[in-house]
Amino acid sequence: MKNVAVIGCGYWGNHIVRNFNSSENWDLKYICDIDAEHLNKIAKSYPNAKAVIDAGIIFADESIDAVAIATPVNTHFDLAKRSLESGKHTWVEKPLTSDAASSQVLVEAAKRKGVILHVDHTFIYTPAVRKIKSIIESGELGEIYYFDSVRINLGLFQHDVNVLWDLAPHDLSILQYLLDRKPVAVSAHGISPYKYNNNDIESIAYLNIRFEQGMMANLHVNWLSPVKIRKIIIGGNRKMLVFDDMEPIEKIKIFDSGIEMKSREDVYESLIQYRIGDMMSPAIKNYEALKEECNHFYDCIVKDVDTDTDGKSGLYVVAILEAADKSMKSGGIPIEIDF
Ligand SMILES: NC(=O)c1ccc[n+]([C@@H]2O[C@H](COP(=O)([O-])OP(=O)(O)OC[C@H]3O[C@@H](n4cnc5c(N)ncnc54)[C@H](O)[C@@H]3O)[C@@H](O)[C@H]2O)c1
């Protein structure tokens, strides 16, 4: 068993606390939140964990092996840096930090201290995304041409980040995990029809990414949609896949559809032939992603290997978000990226 502490016990931190507490691999030693009243309420359910307001107590405790940070994004860097510097394996919520330079600092700090930096890109640990990964790796879809995602609903307006930083990390982490291509340019458009906190915080955004290998990705995120849609389409030259996370059972559908180009020499032109074949929906397991992720974090610490969503994958997501923000503020011009 390893000793763990969770900093930030709000909406998401609460789920993390529950999963570490129920895991056979982890001993939940501390819960921490600067909101004393809220902390006292949570502490009632976890009498074996010490409840502290000051995260410094956790960093100073040498018996703590790992720390999970589930505080607002603008606090991630400072807390994660202190955690890594004190030699703790560190789990940080998505997005890793608010800019690529600070994410890079964390990646280097983890390397220097010989500890694991893990980013909670939860979707990577869902049975559906694991299944899609195995389908792509089997070659069933063929060469991938595009990745299209829609993540929209009447969403909770965040105070510190726009809709891109709130919702797009999910799709960007899925994109990176499934396809791992080198992005070359990012462009984005967004609007903020409602001004609040005297800020222009975009609540609707479209993000486009071009990749070295010719593939293209499009992401649509929106807090102002009357319907909730969570859909990803991945188009290959053999088959195409639709992942609909709102579907209770048939979340993944593989369509044997596509086109074939036939050249007719006599008329010197290409003919397009459509192929509309069967649709297949594979069976997927059913388990809580966070539970799987807690166990994966433990296994990687024991084996001294990086997690599937390590600091570099966190940096990838943040670098694209940063470029997208820059593009959005400059009328959608493509921003080149190189990492
Ligand atoms: N992986 C996911 O699917 C997922 C889902 C939701 C949120 N998140 C991420 O989780 C993080 C928290 O989001 P949330 O929705 O739980 O927010 P929240 O506001 O509900 O909770 C944040 C908590 O952190 C506490 N806090 C703030 N600063 C602190 C500090 N310095 N020390 C200790 N406690 C501190 C606050 O008092 C609050 O209780 C964000 O980074 C968010 O992006 C991830």
| task | Would you work out the charge dipole size for the chain about its Cα centre, treating the Cβ of every Lys and Arg as +1 and the Cβ of every Asp and Glu as -1, and quote it to the nearest 20 debye? | result | 360 debye
| Distance in nm between pseudo-label sites at E143 and M280 (7 Å out along the Cβ direction from Cα) | 2.3 nm
| note | With R₀ set to 35 angstrom, the calculated FRET efficiency between the beta-carbons of M1 and R112, to the nearest 0.05, is 0.85
| How large is the convex hull of the Cα atoms of the stretch 2-120 per residue, expressed in Å³ as a whole number? | 86 Å³
| query | Just from its helices, what would the mean residue ellipticity at 222 nm be for the chain, if runs of 4 or more DSSP H residues each count -39500 (n - 2.57) and the sum is divided by every residue, rounded to the nearest 500 deg cm²/dmol? | reply | -10500 deg cm²/dmol
| All lysines inside 20 Å of K195 as judged from Cα atoms, apart from same-chain residues fewer than 8 positions distant | K326, K329
| remark: A chain fully extended from R238 to I57 at 0.36 nm per residue, minus the present Cα-Cα distance, gains in nm 59.6 nm
| To the nearest 20 debye, what is the magnitude of the charge dipole of the stretch 80-193 about its Cα centre, counting +1 on the Cβ of each Lys and Arg and -1 on the Cβ of each Asp and Glu? | 460 debye
| Length gained when the stretch K44-A185 is fully extended (0.36 nm per residue, less Cα-Cα span) | 45.8 nm
| query | In nm, to one decimal, how far is the modelled label at D160 from the one at D99, with both set 7 Å along Cα→Cβ? | reply | 1.6 nm
| note | Helix 11-22 sits off the longest principal axis of the Cα atoms of the chain, rounded to the nearest 10 on a 0 to 90 degree scale, by 70 degrees
| Quick one: net charge of W26's neighbours, Cβ under 10 Å, K/R +1, D/E -1? | -1
| query | Applying 1/(1 + (r/R0)^6) with R0 = 30 Å to the Cβ-Cβ distance of D299 and K253, what FRET efficiency is obtained, to the nearest 0.05? | reply | 0.45
| task | Note the angle between two axes, namely the Cα long axis of helix 100-113 and the longest principal axis of the Cα atoms of the chain, as a number of degrees from 0 to 90, rounded to the nearest 10. | result | 60 degrees
| field | Solvent-free Debye scattering, log10 I(q)/I(0), computed from the Cα coordinates of the chain at q = 0.08, 0.13, 0.15 Å⁻¹ | value | -0.42, -1.05, -1.32
| said: With the cut-off at 23 Å, tell me which of the pairs K111/K303; K50/K303; K94/K133; K231/K285; K88/K312; K29/K312 have Cα atoms farther apart than that. | reply: K50/K303; K29/K312
| note | FRET efficiency for D338 and E37 from the Cβ-Cβ distance with R0 = 35 Å, rounded to 0.05, comes out at 0.15
| query | For the stretch 146-178 and the stretch 22-58, what is the separation of their Cα centres, given in Å? | reply | 29 Å
| query | Rounded to the nearest 20 Debye, what is the dipole magnitude of the stretch 1-99 about its Cα centre when Lys and Arg each give +1 and Asp and Glu each give -1 at the C-beta? | reply | 220 debye
| field | Listed residue (W12, C300, I116) projecting farthest to the positive dipole end of the chain, Cβ model | value | W12
| message | How far apart, in nanometres, would the label points at K133 and I229 be if each is projected 7 angstrom from Cα along the Cα-to-Cβ direction? | response | 2.7 nm
| note | With N residues in the stretch 187-339, Rg(alpha-carbon) / (2.2 N^0.38 Å) equals 1.40
| request: Measure nothing fancy, just the Cα-based angle from helix 163-179's long axis to the longest principal axis of the chain, in degrees from 0 to 90, nearest 10. | output: 70 degrees
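FYI, it's all coordinate maths here, none of it is from the lab. Everything numeric in this text was worked out from a predicted model, so none of it was measured. Because the Cβ atoms are built from the backbone with ideal geometry, glycine has one as well, and the counts that use them run over all protein chains shown.
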